[in-house]
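Here is the structure we will look at, set down as structure tokens.
The values are calculated or read from the model by the stated rules, or taken from the named source; none is laboratory data. Predicted model, so just to flag it, every value in this text is computed and none were measured. Here the Cβ is made from the backbone with ideal geometry for all residues, glycine too, and neighbour counts use every protein chain on show. These area figures cover heavy atoms from the full protein model, side chains too; ligands, DNA and RNA do not enter into them. Shrake-Rupley method; radii C 1.70, N 1.55, O 1.52, S 1.80 Å.
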Amino acid sequence: MQRSLSSPPSNPSELKLRSFADSVKFDHFLALTDETGMLQHAKFGVPDRRLGYTTDDNARALVVSTFQCDFELDRKWAVLAGRFLAFLVGMQRTDGRLHNFMSYSREVRDDLDSGDHLGRALWATGCVVDSHLPAEVRATAKEVFDKALPWAFHSTSPRAWAHAIKGLSRYVSHFAEDSNAKQNLSQLVKRLVMLYEGNRSEGWRWFENVLSYENWRIPESLIEAYLVGGDSLEVAEESLRYLINIEFMQDVLVPVGSEGWYVRNGARAEFDQLPVETGSAVETLVIAAKATGSSAYWDLALQALEWYHGRNLKKARVYDEDSGACYDGISPAGLNLNKGAESTLSYLLAVARIRSILLDKA
């Protein structure tokens, strides 16, 4: 059984976004998933077992599965969510820290740190806590979350903080009386606000001296915190407007390129353009539409999602409508023809967020 909207979207952009979301496919998502979890890479469209698994991708896959379970109320998604959660459990040490890389033979291959993967694990388990998944799955996610959260304060990465804020916002939404969770959320928000105030200037409205990877997650997290009672909307919107001005050119999304990024007072790289940046743009813009009621954000979200469907500098179709896979990016020469987990998950997360916001509006 699948939940449906009780009323049509109020805006043409919303209607088109809904049509994209309703036609999404999960063939490649399932092809990348085995009994251990989600494989990290694919050689063209074939899963590449040589490169194993990551906490990053399994956390993202857990978010997708959790949303899908909430949408469809179908046990198959609960089973998949349990598999991805089990991967995170296996990657977490008794002190709460998580490894990121595992080989195909299930050997852990990295040192421990409090990097972005820890933030993504907090995001994913926070989503599970605030979901319709079975009680034992939610209880396991809460245990992973509670053990990992203190390490977010050891991190110096604003993206790790942002993902932790996203998870905490869902946690607070579910445990509204948990004053400790609210305090932790407030502390992480303050860290981002202080970072912003320390780096912003007349011509630079950003949290760091460089625009790099998954930039949109930072203002998105502040909007998420605002929606559960935070006071971070002003900084979120100011930085979001700046990012929109940087990455939208004549109604086309042009993500900051990974070959050099955009360093303050330097030249902005146009390529390679990565789907993970585009997907986070879509998610941020639709949550901004929810928080502010501005239809302009829906229009921008549509332009961003259409990047996957050929509305980009190369007019290349990044999303494969037959399999639900995404190519790994756009280079000066055209598409990167591999279809890895991060790229495919970026699209699935984007359309999941669209559906969740439209259902919430119904």
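Just a few scattered comments:
- Taking every alpha-carbon pair under 8 Å whose residues sit at least 6 apart, the stretch 47-198 reaches a relative contact order of 23 percent.
- For the stretch 90-184, size of Cβ-based charge dipole, Lys and Arg +1, Asp and Glu -1, in debye: 160 debye
- Extension reserve of the Leu73-Arg264 stretch, reckoned as 0.36 nm per residue once the Cα distance is removed: 64.1 nm
- Fraction of C-alpha pairs exceeding 33 angstrom in the chain: 22 percent, rounded to a whole number.
- Short-range pairs are left out: with C-alpha atoms under 8 Å and at least six residues apart, the relative contact order of the chain is 19 percent.
- Percent RCO, i.e. relative contact order, over the stretch 133-215, from Cα pairs under 8 Å lying at least 6 residues apart: 19 percent
- For Met249, the solvent-accessible surface computed with a 1.4 Å probe is close to 70 Å², ligands and nucleic acids excluded.
- The charge dipole of the chain, taken about the Cα centre with unit charges on the Cβ atoms of Lys, Arg (+1) and Asp, Glu (-1), comes to about 240 debye, rounded to the nearest 20.
- Cβ-based charge dipole, the chain, positive-most Cα from Tyr308, Phe26, Ser212: Phe26
- In order along the stretch 90-107, the Karplus-derived 3J(HN,Hα) couplings, from 6.51 cos²θ - 1.76 cosθ + 1.60 at θ = phi - 60°, round to x, 8, 9, 7, 5, 7, x, 5, 10, 6, 10, 10, 10, 6, 5, 8, 6, 9 Hz, and Gly and Pro are given as x.
- Couplings 3J(HN,Hα) for the stretch 13-21, derived from phi with the Karplus relation 6.51 cos²θ - 1.76 cosθ + 1.60 (θ = phi - 60°), are 5, 4, 4, 6, 4, 4, 5, 4, 5 Hz, where x marks Gly and Pro.
- Percent accessible area from carbon and sulfur atoms, the stretch 99-138, protein chains only, probe 1.4 Å: 47 percent
- Long pairs among Lys147/Lys339; Lys16/Lys190; Lys142/Lys166; Lys142/Lys182, criterion Cα-Cα beyond 25 Å: Lys147/Lys339; Lys16/Lys190
- Probe 1.4 Å, accessible area per residue of the chain, Å²: 40 Å²
- Computed packing ranks the peptides 70-83, 284-297 as 284-297, 70-83, most packed first, by mean other Cβ atoms within 10 Å.
- Ellipticity estimate at 222 nm from DSSP helix runs (n ≥ 4, -39,500 (n - 2.57)) divided over the chain, nearest 500: -18000 deg cm²/dmol
- Solvent-accessible area, 1.4 Å probe, carbon plus sulfur percent, for the stretch 214-285: 43 percent
- Contour minus Cα-Cα distance for Lys43 and Ser201 (0.36 nm per residue): 52.5 nm
- Summary of the geometry: the stretch 291-343 and the stretch 44-102, compared by the centres of their Cα atoms, lie 23 Å apart.
- Computed lengthening from Ser294 to Leu30, 0.36 nm per intervening residue step minus Cα-Cα distance: 91.5 nm
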